[in-house]
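Notes follow once the structure below has been shown.
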Amino acid sequence: MHIAIAGNIGSGKTTLTTLLARHYGWEPRFEQVDFNPYLEDYYRDIPRWSFNMEVFFLKERFKDLLKIAKTDHTVIQDRSIYEGVYVFVANNKEQGNLSDRDFETYMELFEDMLEVVKYPELMIYLRASVPHLVENIQRRGRDYEQKIPIEYLEGLNERYEDFLYHKYDGKLLVVDVDNMDFQHNPKDFGTIIDRIDAQLFGLF
């Protein structure tokens with residue numbers, strides 16, 4: 001089984017992925033953030049490095065999906081290939097950070113990949129306001145993230161809403177996280193567990 005955690009930068013994807021993997025005994029798969037060779041350059045000069053960084057992420061997510069398809073156990077993935085394309089790449093194109101030529105090349109590559117990938121059994125979307133995202137980004141203190149423009153986060157949130165509510169046809173669970181602390185509050189985490197159980201196993 002394949003479970004994916006979706007959400008904007010700072011929404012808590014990695015934390016929830018870790019907690020759910022521990023709770024259910026699932027295998028976690030995380031994004032290549034600390035080892036992405038383009039990320040710091042990207043946040044320093046987004047238009048220059050958008051294509052390079054997005055192709056790197058696409059390559060890594062596709063490799064993960066090929067491995068997940070061969071596993072005989074449940075894998076929970078921190079961000080999916082779909083949101084990488086329909087949220088982050090679409091946002092960069094909308095904001096003028098990707099040329100028409102680069103965008104068309106990227107989308108042709110992705111469309112070829114779609115022939116061998118499928119939707120996860122469940123997509124869990126961590127829905128968060130921009131102030132909540134900014135607070136989390138500041139708290140975790142990654143230097144390259146402190147320069148992210150507010151309008152960039154706003155654009156991503158708009159893209160997430162459009163993609164998941166209007167374009168995504170897979171099974172979806174939306175969790176509003178602004179007033180939750182699932183990392184430190186067992187009751188909040190338990191609420192998420194109950195909702196996942198209901199979606200996957202028909203419980204409650």
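Tabulated data for the structure shown
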| read-out | value |
| --- | --- |
| Leading residue by the ranking (farthest from the chain's Cα centre (by Cα)) among those in segment 1-19 that are outside any helix (DSSP H, G or I) and not aliphatic (A, V, I, L, M) | His2 |
| Per-region count, segment 138-168, residues within 15 Å of the chain's Cα centre (by Cα) and of a type in the set (A, V, I, L, M) | 3 |
| Out of Arg48, Arg22, Arg29, Arg101, sole residue that is open to solvent by 30 Å² or more (accessible area, probe 1.4 Å), free of Cβ contacts under 8 Å to residues at least 60 places away in the same chain and under 18 Å from the mean Cα position of the chain (by Cα) | Arg29 |
| Any chance Tyr165 is open to solvent by less than 40 Å² (accessible area, probe 1.4 Å) and either in contact with a helix residue (DSSP H, G or I) (Cβ under 8 Å, 6 or more places away or on another chain) or closer than 25 Å to Ile76 by Cα (or both) | no |
| Residue within segment 80-95 that is of a type in the set (Gly, Ala, Ser), assigned to a helix (DSSP H, G or I) and under 19 Å from Leu200 (Cα atoms) present | no |
| Enumeration of residues in segment 1-19 that are open to solvent by 20 Å² or more (accessible area, probe 1.4 Å), farther than 19 Å from Ile148 by Cα and either of a type in the set (Ser, Thr, Tyr) or touching a Leu at 6+ places or on another chain (Cβ under 9 Å) (or both) | Met1, Thr15, Thr18 |
| Matching option when the condition is at pLDDT 95 or above, of a type outside the set (Lys, Arg) and under 21 Å from Met123 (Cβ atoms), among Tyr24, Tyr86, Tyr82 | Tyr24 |
| Some residue of segment 52-65 being modelled with pLDDT of 90 or more, outside any helix (DSSP H, G or I) and surrounded by fewer than 20 Cβ atoms within 10 Å (Cβ to Cβ) | no |
| Members of segment 71-85 found to be open to solvent by 10 Å² or more (accessible area, probe 1.4 Å) and in contact (Cβ under 8 Å) with a residue 40 or more places away in the chain, listed by number | Thr71, His73, Thr74, Arg79, Tyr82 |
| Residue match in segment 149-159 (condition: basic (Lys, Arg), surrounded by fewer than 11 Cβ atoms within 10 Å (Cβ to Cβ) and modelled with pLDDT under 95) | no |
| Selection from segment 138-176 of residues that are of a type in the set (Val, Ile, Thr) and closer than 20 Å to Asp188 by Cβ | Val174, Val175 |
| Condition check for Pro120: surrounded by 11 or more Cβ atoms within 10 Å (Cβ to Cβ) and more than 28 Å from Pro47 (Cβ to Cβ) | yes |
| Count of residues meeting criterion [assigned to a loop (DSSP other than H, G, I, E, B) and modelled with pLDDT of 90 or more] in segment 170-204 | 11 |
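The values are calculated or read from the model by the stated rules, or taken from the named source; none is laboratory data. Note that this is a predicted model, so its numbers are computed, not measured. Virtual Cβ from ideal backbone geometry, glycine too; neighbours counted across all protein chains shown. SASA here: full protein model, heavy atoms, side chains in, ligands and nucleic acids out. Shrake-Rupley method; radii C 1.70, N 1.55, O 1.52, S 1.80 Å.
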